[in-house]
Amino acid sequence: MIFILGMIFRYRYDQFSWTAKSSELLEKKKLMIGSSLFHIGIIFVFFGHVGGLLVPIEITEAFGVSDHLYHTIAVWSGGFFGFIAYVGIILLTWRRLSDVRVRSISTFSDIAINIILIIVMSLGIFSTFFGTSNQPDFNYRETVSVWFRQLFILQPDGNLMSGVPLLFKLHILSAFALFALFPFSRLVHAFSLPIGYIKRRYIIYQKNVVRK
């Protein structure tokens with residue numbers, strides 16, 4: 001609810017701050033590498049979560065994808081792209097904290113969001129590879145995924161989460177905290193797709209040469 005109402009309020013009353021506030025002019029190299037890694041990784045991670053949380057087991061099995069095959073693909077592809085995004089956000093956070101000029105224009109919200117992203121992604125990676133070490137038979141698609149879909153109809157069954165490993169619970173709680181802060185941070189720019197750039201005319205820059 002905070003996410004939805006916050007996004008509506010931010011869009012209606014604070015559109016001038018609806019931006020990623022790029023600091024490219026202050027430092028470019030680490031920004032280019034970190035931003036590319038983070039955005040490439042997070043896009044695949046997002047769609048992986050959509051598939052894992054919103055698509056029931058019955059649908060993937062109907063297409064001939066066994067549960068074992070699905071988990072194998074999810075673990076290794078999710079782990080790979082999750083690691084890429086993780087390296088990206090670590091680099092971006094280090095850049096923001098270590099570069100004096102970038103740090104001087106950073107707000108508390110900028111730094112807090114980066115740290116929360118690191119926490120969420122750290123818990124996600126640890127959950128993927130070590131979260132079920134004590135519960136090898138745990139299947140999040142039969143528990144977490146079902147509970148998550150129930151949230152949309154406002155009828156979540158808390159019993160489904162009682163046996164979920166601790167790392168998964170911490171990952172979910174940290175993700176909820178991230179979504180609660182989402183409307184009040186620079187992350188809102190994720191909903192601004194630059195579709196207008198496709199039909200926009202080229203901008204021609206000319207160097208003004210001063211002749212002596």
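The values are calculated or read from the model by the stated rules, or taken from the named source; none is laboratory data. Here the structure is a predicted model, which means the values were calculated and not measured. Here the Cβ is made from the backbone with ideal geometry for all residues, glycine too, and neighbour counts use every protein chain on show. We work out accessible area using only protein heavy atoms, side chains counted, and drop any ligands, DNA or RNA first. Shrake-Rupley method; radii C 1.70, N 1.55, O 1.52, S 1.80 Å.
Listing for the model above:
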{"item": "Zero-based 5 Å bins, Cα pair distances in segment 124-194, whole percents", "result": "3, 14, 20, 21, 16, 13, 9, 4, 1, 0"}
{"item": "For the chain, calculated [θ]222 nm from helices alone, where every DSSP H run of n ≥ 4 adds -39500 (n - 2.57)", "result": "-20000 deg cm²/dmol"}
{"item": "Dipole magnitude of segment 15-118 about its Cα centre (Cβ charges: Lys, Arg +1; Asp, Glu -1), debye to nearest 20", "result": "740"}
{"item": "3J(HN,Hα) from dihedral phi, segment 179-190, Karplus parametrisation 6.51/-1.76/1.60, rounded to Hz, x for glycine, proline", "result": "5, 5, 8, 3, x, 9, 10, 6, 5, 4, 5, 5"}
{"item": "Percent accessible area from carbon and sulfur atoms, segment 70-166, protein chains only, probe 1.4 Å", "result": "69"}
{"item": "Farthest positive-ward along the chain dipole, Cα basis, beta-carbon charges - from SER35, PHE176, PHE83", "result": "SER35"}
{"item": "For the chain: accessible area per residue (Å², 1.4 Å)", "result": "70"}
{"item": "Value of D in µm² per second that Stokes-Einstein yields for segment 42-152, Kirkwood Rh from Cα pairs, at 25 °C (0.890 mPa s)", "result": "154"}
{"item": "The chain - charge dipole about Cα centre, Lys and Arg +1 at Cβ, Asp and Glu -1, debye rounded to 20", "result": "1840"}
{"item": "Kirkwood hydrodynamic radius of the chain, from inverse mean 1/r over distinct Cα pairs, in Å", "result": "19.7"}
{"item": "Globularity index of segment 89-170, i.e. its alpha-carbon radius of gyration over 2.2 N^0.38 Å", "result": "1.49"}
{"item": "Backbone HN-Hα couplings from phi across segment 35-51 [Karplus 6.51/-1.76/1.60, Hz, Gly and Pro as x]", "result": "5, 5, 4, 5, 5, 4, x, 5, 5, 5, 5, 4, 5, x, 5, 4, x"}
{"item": "Along the chain, longest interval not containing exposed chymotrypsin sites (Phe, Trp or Tyr not before Pro), exposed being DSSP loop plus at most 12 other Cβ atoms within 10 Å", "result": "64-151"}
{"item": "At most 12 other Cβ within 10 Å, DSSP loop - trypsin sites (Lys or Arg not before Pro), segment 123-180", "result": "none"}
{"item": "Residue among VAL120, TRP94, LEU53 farthest towards the positive dipole end of the chain, charges placed on Cβ", "result": "TRP94"}
{"item": "Value of relative contact order over segment 4-144, rounded to a whole percent, pairs C-alpha under 8 Å and six or more apart", "result": "31"}
